[in-house]
Amino acid sequence: MKRQPIVVANWKMNKLPSEAAGYIQTVAPKLADYEQVDAVLAGQDVLLDAMVSAARDTRIEIGAENVYWEDRGAYTGETSPAALADLGIRVVIIGHSERRNYFRETDEMVNLKTLAALRNGLCPIIAIDEAVQLTSENDQAHWIVNQVVESLKGVQEAELSRVMLAYEPTAAIGSGQAMSPEIAQKSLYMIRQTVADMFGQAAADQLRILYGGSVKPTNAYDLLVQPDIDGVLVGDAALDATTFIELVSLASQAKRIAE
Ligand code: PGA
């Protein structure tokens, strides 16, 4: 089963609108060498207009880092999925562990946001985390499976091709310590099997699942060469345009070897 590899930069609450174009102009021409890898840059809302403009006529897709679950209305400070789509945004990260932990997002909210994104033609990247407080492997597995099941409730099989999942163990995010490729592979395999139980094996085999948490050029290849790791979601390391391209190049090499 061939799934197009993908590298997603999650800029989080970094960079200024005036910095977006320079990064994109550095990355865009280099992507021509790696056509088999998808490249997504996700930025905070206030950057999105500048990012979309700079990425026009390039292979870069621009993503949002969050979205609300209603299309419009009296929700001061929230971002409408319809507005994102209208701006030319294709991708949105939902349920990042920073959203879950700092802003108390629940599985139910993640599910509502996923359905809203799909309804508006967006491609959600649903982040699945690991609970630092759970020590037993069984409890951890249950935690992960439950997030997958809850976040995909009500998603139609035909919509699943627009969904991506991202396994991001909380302890690995921003710590400099990525999870070992073998352990990450085990979790991603379990996530894919959970999707297979819900939607059938064929649909699960087409779903792209990413790993995130301290991915950098020194560990990306070993992660991406794992059979169930289709891409990476990268914070810190992807703040630098040259490093982002390096990661795209490593994704391309790793997946060519794995084929
Ligand atoms: P990190 O962040 O690469 O800085 O660990 C990843 C993420 O939070 O998406």
Notebook entry, point to check: Scanning segment 1-16 for residues that are within 15 Å of Ala237 (Cα to Cα) and not in a strand (DSSP E or B), which turns out nearest to the ligand (Cβ to nearest atom)?
Noted result: Lys12
Notebook entry, point to check: Which one of these is away from the ligand (no atom under 16 Å from the Cβ), more than 15 Å from the chain's Cα centre (by Cα) and within 26 Å of Gly121 (Cβ to Cβ): Ala196, Ala254?
Noted result: Ala196
Notebook entry, point to check: With respect to the numbered conditions (1) over 17 Å from the mean Cα position of the chain (by Cα); (2) under 17 Å from Val37 (Cα atoms); (3) free of Cβ contacts under 8 Å to residues at least 60 places away in the same chain, which one is the sole condition not fulfilled by Tyr211?
Noted result: (1)
Checklist line | Members of segment 52-67 found to be in contact with a helix residue (DSSP H, G or I) (Cβ under 7 Å, 6 or more places away or on another chain) and hydroxyl-bearing (Ser, Thr, Tyr), listed by number | finding: Thr58
Notebook entry, point to check: Here are Ala39, Ala20: which of them is among the small types (Gly, Ala, Ser), out of contact with any His (no Cβ under 9 Å at 6 or more places or on another chain) and either within 16 Å of the ligand (Cβ to nearest atom) or at pLDDT below 95 (or both)?
Noted result: Ala39
Check: So which of Asp228, Asp197, Asp222 ends up being out of contact with any helix residue (DSSP H, G or I) (no Cβ under 8 Å at 6 or more places or on another chain) and either surrounded by fewer than 23 Cβ atoms within 10 Å (Cβ to Cβ) or of a type in the set (Asp, Glu) (or both)?
Finding: Asp197
Checklist line | Wholly enclosed helices (runs of 4 or more DSSP H) of segment 17-110 bearing at least 2 residues within 30 Å of Gln253 (Cα to Cα) | finding: 17-30, 45-55
Notebook entry, point to check: Which condition does Val149 not pass, out of (1) outside any helix (DSSP H, G or I); (2) among the hydrophobic types (A, V, I, L, M, F, W, C); (3) away from the ligand (no atom under 16 Å from the Cβ), if it passes all the others?
Noted result: (1)
Notebook entry, point to check: Tally time: how many residues in segment 154-186 are assigned to a loop (DSSP other than H, G, I, E, B), more than 13 Å from the ligand (Cβ to nearest atom) and crowded, with 17+ Cβ neighbours inside 10 Å?
Noted result: 2
Checklist line | Residues located in segment 81-124, provided they are away from the ligand (no atom under 16 Å from the Cβ), aliphatic (A, V, I, L, M) and within 19 Å of Val52 (Cβ to Cβ) | finding: Ala82, Ala83, Leu84, Ala85, Leu87, Ile89, Ala117, Leu122
Next item on the list: Determine which single condition Ala127 fails, assuming it passes every other condition in (1) more than 17 Å from the chain's Cα centre (by Cα); (2) closer than 21 Å to Thr170 by Cα.
Entry: (1)
Margin query: Please verify whether Asp38 is under 16 Å from Gly88 (Cβ atoms) and either touching a residue at least 40 places away in the same chain (Cβ under 8 Å) or surrounded by fewer than 19 Cβ atoms within 10 Å (Cβ to Cβ) (or both), treating the condition exactly as stated.
Written below: no
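The values are calculated or read from the model by the stated rules, or taken from the named source; none is laboratory data. Quick caveat, the model's predicted, so the values are computed rather than measured. When we count neighbours, we look across all protein chains shown, and the Cβ atoms used for this are built from the backbone with ideal geometry, even at glycine.
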